[in-house]
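The values are calculated or read from the model by the stated rules, or taken from the named source; none is laboratory data. Quick caveat, the model's predicted, so the values are computed rather than measured. In this analysis, Cβ positions are derived from the backbone assuming ideal geometry, glycine residues included, and neighbour counts consider all displayed protein chains.
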Amino acid sequence: MDALRASRGRFLARLRAEVPAVEVEADGEIVHLGALSPGCRACKAGTWDCLFTTLRCNLRCGFCLNPQVEAGDFHGSAFGREPEEIARNHARTDIRGISFSGGEPLLERERLFEWVAFFRQRRPDAWLWAYTHGLLATEDDLRTLGALGLDEIRFNTAATGYAHAAVLESLAHAARHVPHVTVEIPAIPEDLDRLLGSLDKWAARGVRFLNLHELLYEPGTPSAQRPGPREPVVLADGHLTAIDPGSREVTLAVMKEVQRRGLQLAVNDCSLQGKLRQLEGRRRSLMPLTRRPWEEMQADTTLVSYLLWQSELEFELVHPGRVDAARRGHPSWHLARLSRRAPTTLEAAEDWLSCEHLF
Ligand code: SF4
């Protein structure tokens, strides 16, 4: 993580020098040229929930980050499987952005429409957006999504070569029916020329936001098999992933080009560090559902509690605020301090960090 921070720090210094209008927030975890979509604000604050209408997709992108699960399918989110359950759980947290993703969500068109309608009615205050690669999005679909109250639609144009004629047409339809249109793609170094050559085509069709993801090589997904230079990163929980260091050059080149040509396109640098910030935010968002009454959340999102015990059958789990009083009640009992990482989904296995025997 320290190496990642250092290499990113060097990149941000160049970015600031070469793109003076770039905005750098939260110690470099939020970086953008122009406005951020309200959905991206919610994402970066960890107050976003992504609902999957399906994990199936009719394309096979080499950079795909979907898990390679051949059998079966999944729908739902970190907050549950069906809209009622998800909305009930959202109501106990601070979720303000709700997205509909896949796979390709339009492979489950009716479910997508139903869910957008349900959440629009239930959450008039939330920012709702959907993802698509664009090939299956007809004008009727986009009209329906707009009429149902979708705020934003994001196209993964990298899935179809950046300027596929049918997708360019869909972008134009989308701009007529949905209030905000975004292109959201990985920043792939070998595609830089095609990307730069597509910026004005997207802007001319009404795209106003461009989200550039740092290219990830994530174990267990097709992206792991993709060739390319890797900068390995070990995350705080021990998970090993890798980024393509060339991605940052793509982001820099795109921001410079947007600035030079005065394009009406806001560019968001969606880095691995930004995603880690989002994960921490998600741990906090889920806390009302995952924290047990005897646990206390620390600033780093670990959950701490104490265990007082005399035998396997005689024990008490104690909140840190009550530990002194509880010890006075059982002066001869043993005491241990427990800590676990706050989960990012409701079903996540317990991630214990320590059990420190104190007495
Ligand atoms: S990246 Fe998106 S469009 Fe490409 S295969 Fe994966 S889910 Fe489908």
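Only strands (runs of 3 or more DSSP E) whose full extent lies in the stretch 240-359 are considered here, and the ones with at least 2 residues that are small (Gly, Ala, Ser) are 334-341.
Given the structure, is LEU142 part of a helix (DSSP H, G or I), modelled with pLDDT of 95 or more and aliphatic (A, V, I, L, M)? Here the answer is yes, as LEU142 does meet what is asked. For the stretch 160-183, the condition of being at pLDDT below 95, buried (at least 17 other Cβ atoms within 10 Å of the Cβ) and touching a Phe, Trp or Tyr at 6+ places or on another chain (Cβ under 9 Å) holds for none of the residues. Of the helices (runs of 4 or more DSSP H) that lie entirely inside the stretch 1-111, those containing 3 or more residues that are in contact with a Leu (Cβ under 9 Å, 6 or more places away or on another chain) and more than 27 Å from PRO124 (Cβ to Cβ) span 2-18.
In the stretch 226-234 there is no residue that is among the basic types (Lys, Arg), touching a residue at least 60 places away in the same chain (Cβ under 8 Å), surrounded by 17 or more Cβ atoms within 10 Å (Cβ to Cβ) and assigned to a helix (DSSP H, G or I). Every listed requirement among (1) within 30 Å of PRO232 (Cβ to Cβ); (2) assigned by TED's automatic domain parsing to the domain that holds LYS201; (3) touching a helix residue (DSSP H, G or I) at 6+ places or on another chain (Cβ under 8 Å) is met by THR301 save one, (2).
Would a scan of the stretch 189-203 turn up a residue that is within 16 Å of the ligand (Cβ to nearest atom), under 20 Å from GLY34 (Cα atoms) and not acidic (Asp, Glu)? Checking the stretch 189-203: at least one residue is within 16 Å of the ligand (Cβ to nearest atom), under 20 Å from GLY34 (Cα atoms) and not acidic (Asp, Glu). Checking each residue in the stretch 79-111 for being among the polar types (S, T, N, Q) and away from the ligand (no atom under 16 Å from the Cβ) picks out ASN89, THR93. Within the stretch 1-40, the only residue that satisfies the criterion of being among the hydroxyl-bearing types (Ser, Thr, Tyr) and over 17 Å from the mean Cα position of the chain (by Cα) is SER7.
All conditions in (1) over 20 Å from the mean Cα position of the chain (by Cα); (2) within 16 Å of the ligand (Cβ to nearest atom); (3) under 30 Å from ALA91 (Cβ atoms) hold for ASN211, with the sole exception of (1).
Are any of the residues in the stretch 35-48 surrounded by fewer than 18 Cβ atoms within 10 Å (Cβ to Cβ), assigned by TED's automatic domain parsing to the domain that holds GLY262, within 16 Å of the ligand (Cβ to nearest atom) and within 21 Å of ASN156 (Cβ to Cβ)? No: the stretch 35-48 contains no residue that is surrounded by fewer than 18 Cβ atoms within 10 Å (Cβ to Cβ), assigned by TED's automatic domain parsing to the domain that holds GLY262, within 16 Å of the ligand (Cβ to nearest atom) and within 21 Å of ASN156 (Cβ to Cβ). The residues of the stretch 131-155 that are under 17 Å from CYS50 (Cα atoms), near the ligand (Cβ under 10 Å from one of its atoms) and surrounded by fewer than 24 Cβ atoms within 10 Å (Cβ to Cβ) amount to a single one, TYR131. Looking across the stretch 238-283, the residues that are among the polar types (S, T, N, Q) and under 19 Å from the mean Cα position of the chain (by Cα) come down to THR241, SER247, THR251, ASN268, SER271, GLN273, GLN278.
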